[in-house]
Amino acid sequence: MSPEVGDVVPPRYWNDEWEVEMSQTEDFLTSVLPRLSEADTALHNGDAGPRKAMWSHNDPVTLFGAARSGSGWDELRQLFDWLESQFSNGAYEYEVLAAGASGDLGYIVGIEHSSVSIGGAEPEAYELRVTTICRRENAEWRVVHRHADPKPDSDAARRGVSQLGAKDMDSRPA
């Protein structure tokens, strides 16, 4: 008897397809997580360069950010430049809750534990719930979508989002 959707599958029922899928996910995480952590650590320290390099420049790309959202590479590049001008003195850590990869698409769901100075204020720790979707382009994983929002119990994240939302993106330094 084959397992059905919703069944708990003991190891004796695993097959080669599931092992290949797990291997794809492990390979995806091994490739993406260090780069993602490096990019977001740099961003939290006022350098958007690694994040811009990690993201696909090929539409469609979308961002549902905790404070700002956008779509299309031109819009996202400007948004990342604006974030760069707002962040400094940061620290960043990613807690993976779930991940998967198949073919040329992969995703990571997690909690970002960050501390950052926003607009020169004292650094404050906060947590965001984040979903990141990647697409393989020319044998390299690129971010094509990110959705982030404050954890419900994170007052610090809500304050940071509010502080960023109150700043006019067009008033950033050139």
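The values are calculated or read from the model by the stated rules, or taken from the named source; none is laboratory data. Because the structure is a prediction, the values reported are computed rather than measured. Note that each Cβ is placed from the backbone with ideal geometry, even for glycine, and that neighbours are counted across all protein chains shown.
Taking into account only those residues within the range 108-119 that are surrounded by fewer than 19 Cβ atoms within 10 Å (Cβ to Cβ) and closer than 17 Å to Asp47 by Cα, which is farthest from the chain's Cα centre (by Cα)? So the residue we want is Gly119.
Within the range 120-139, track down each residue that is without any contact (Cβ under 8 Å) to a residue 60 or more places away in the chain, of a type in the set (D, E, K, R) and either in contact with a strand residue (DSSP E or B) (Cβ under 7 Å, 6 or more places away or on another chain) or within 24 Å of Asn45 (Cβ to Cβ) (or both).
Those that are without any contact (Cβ under 8 Å) to a residue 60 or more places away in the chain, of a type in the set (D, E, K, R) and either in contact with a strand residue (DSSP E or B) (Cβ under 7 Å, 6 or more places away or on another chain) or within 24 Å of Asn45 (Cβ to Cβ) (or both): Glu122, Glu124, Glu127, Arg129.
Considering every residue within the range 68-79, establish whether at least one is touching a helix residue (DSSP H, G or I) at 6+ places or on another chain (Cβ under 6 Å), more than 16 Å from Thr41 (Cα to Cα) and not basic (Lys, Arg). Checked the range 68-79: at least one residue is touching a helix residue (DSSP H, G or I) at 6+ places or on another chain (Cβ under 6 Å), more than 16 Å from Thr41 (Cα to Cα) and not basic (Lys, Arg).
Please go through the range 122-174 and pick out each residue that is of a type in the set (S, T, N, Q), modelled with pLDDT under 75 and crowded, with 16+ Cβ neighbours inside 10 Å. Scanning the range 122-174 gives a single hit, Ser154. Within the range 39-80, the only residue that satisfies the criterion of being out of contact with any strand residue (DSSP E or B) (no Cβ under 9 Å at 6 or more places or on another chain), among the charged types (D, E, K, R) and surrounded by fewer than 16 Cβ atoms within 10 Å (Cβ to Cβ) is Asp74. Can you tell me which residues in the range 118-133 are assigned to a strand (DSSP E or B) and under 17 Å from Arg68 (Cα atoms)? Of everything in the range 118-133, those that are assigned to a strand (DSSP E or B) and under 17 Å from Arg68 (Cα atoms) turn out to be Ile118, Tyr126, Glu127, Leu128, Arg129, Val130, Thr131, Thr132.
Select, from Glu4, Glu17, the only residue that is modelled with pLDDT under 95 and in a helix (DSSP H, G or I).
Glu17
Within the range 87-107, being exposed (fewer than 15 other Cβ atoms within 10 Å of the Cβ) and either in contact with an Asp or Glu (Cβ under 7 Å, 6 or more places away or on another chain) or among the aromatic types (Phe, Trp, Tyr) (or both) holds for one residue alone: Ser102.
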